[in-house]
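The values are calculated or read from the model by the stated rules, or taken from the named source; none is laboratory data. Since the structure is predicted, the reported quantities are computational estimates derived from the model, not experimental observations. Cβ placement follows ideal geometry from the backbone for every residue including glycine, while neighbour counts extend to all protein chains displayed.
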Amino acid sequence: MKLSNKLIETVVSQVAGEDVIPLVHSLKNKKNVSEFKLADNIKTEINLTRNMLYRLFDHNLVSFIRRKDKKKGWYIYYWTFNMKRIKYLVENLKKDRLEKLKERLKRENSGQFYACEDNCIRLDFEQATNFEFKCPECGKLLNLEDNTEKIKEIEKEIKDLTKELKKKK
């Protein structure tokens, strides 16, 4: 699997948030970059930069070393982006997505869903009875929804994801 910028951005935004992408761009392909330099590069406060780095660290996307500043006596952290971890996270995200799709398919197959003609909200039978089959958003009558198309889409996505994950093994 080739690690394109788009793939890296997608994975980073899913695990650490979209606001972290500029930080990753300034850290990518560099080693041991000072957190102060990173904050200057992305033009944010040091506290926000550290927060982003910790979110990346939670998923092992960055590593650090710390050194003591000889003048001030403070510790300064130097960060490195871990590119190899992206491939692993891509696979994990796909597995998580597959599990959620299977749960959703189970829910779609086992329940009846109701929606108003404006599609403001979609409720299961129990929720619809609580609102007396009237949309809580617009007040229009809720109608039984035919979810066979949704079920087909979910099944297709499950099949595609399963095929992708088997291809890797």
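Could you give every pair whose Cβ atoms fall below 7 Å, whose first residue belongs to region 1-30 and is more than 17 Å from F64 (Cα to Cα) and in a helix (DSSP H, G or I), and whose second residue is modelled with pLDDT of 90 or more and of a type in the set (S, T, N, Q), counting only separations of at least 6 or pairs across chains?
I21/S13
When you check E35 against the structure, is it modelled with pLDDT of 90 or more, surrounded by fewer than 16 Cβ atoms within 10 Å (Cβ to Cβ) and over 30 Å from R97 (Cα atoms), yes or no?
no
Can you report the number of residues in region 51-70 which are in contact (Cβ under 8 Å) with a residue 12 or more places away in the chain, surrounded by fewer than 16 Cβ atoms within 10 Å (Cβ to Cβ) and part of a helix (DSSP H, G or I)?
Of the residues in region 51-70, 1 are in contact (Cβ under 8 Å) with a residue 12 or more places away in the chain, surrounded by fewer than 16 Cβ atoms within 10 Å (Cβ to Cβ) and part of a helix (DSSP H, G or I).
Test of understanding: among D160, D118, D124, D146, which residue is without any contact (Cβ under 8 Å) to a residue 40 or more places away in the chain and within 25 Å of the chain's Cα centre (by Cα)?
Matching residue, one of D160, D118, D124, D146: D160.
Please give the number of the condition G73 fails out of (1) out of contact with any helix residue (DSSP H, G or I) (no Cβ under 8 Å at 6 or more places or on another chain); (2) surrounded by fewer than 14 Cβ atoms within 10 Å (Cβ to Cβ); (3) assigned to a helix (DSSP H, G or I).
(3)
From the list K6, K43, K28, exactly one residue is among the basic types (K, R) and over 30 Å from R97 (Cα atoms). Which is it?
K43
Taking the condition of being of a type outside the set (D, E), assigned to a helix (DSSP H, G or I) and in contact (Cβ under 8 Å) with a residue 40 or more places away in the chain, how many residues in region 76-105 meet it?
Qualifying residue count, region 76-105: 13.
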